[in-house]
Amino acid sequence: MDLTEKTLSRREIYDGRIVHLHVDEVELPDGSRSVREIIDHCPCVAVVALDEQDRVLTVTQYRYAFGRELLEIPAGKLEPGESPDACLVREVKEETGFTLHGWRFRGVVSFLSDIYEAEQMFLFTSEDFSGVLHECDEGELAWVEKEKVPGLPLW
């Protein structure tokens, strides 16, 4: 059975720097109609970077939507026309001060909820990086903390 839903109409709600919101009316495979509220998120990259002691490179940032600080792996959004590899190198340098010398592409994942959000995250791993933790680049939050935490290799 074909489960494809056909878009009948689209109402644009918001077009921002990071997200785009729209509401679609769709026809379901059985002929009935429904509404889909969709968040389109810009593509992004993330890396699980492990050092020689299997510590994971992380950043701690305050996230307004959660109302608290979150421990995260280095990640960021692709700029228009930028390749995932170039974005990866740039984001790691901006967020941590480290330079990646080698990395491995692991795949594209959909984050949060594929029910209402369309996001592509290009996921990488690295065990080849160098540098020293630094203060944030201009435009980065001044209270971002950099640290390495114990972890286990994922692959």
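The values are calculated or read from the model by the stated rules, or taken from the named source; none is laboratory data. Given the structure is predicted, the values throughout are model-derived calculations rather than measurements. A quick note on method: Cβ atoms are made from the backbone with ideal geometry, for glycine too, and the neighbour counts reach across all protein chains shown. Heads up: the accessible areas ignore ligands, DNA and RNA and are worked out on the full protein's heavy atoms, side chains in. Shrake-Rupley method; radii C 1.70, N 1.55, O 1.52, S 1.80 Å.
Okay, here's what the table says:
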read-out: Shape call, segment 51-107: gyration tensor on alpha carbons, a/c limit 1.5; value: oblate
read-out: Highest average packing first - 28-40, 76-88, 93-105, Cβ atoms within 10 Å; value: 93-105, 76-88, 28-40
read-out: Heavy atoms of residue 5 accessible to a 1.4 Å probe, total area in Å² rounded to 10; value: 80 Å²
read-out: Three-way shape label, segment 1-138, alpha-carbon gyration tensor, a/c 1.5; value: prolate
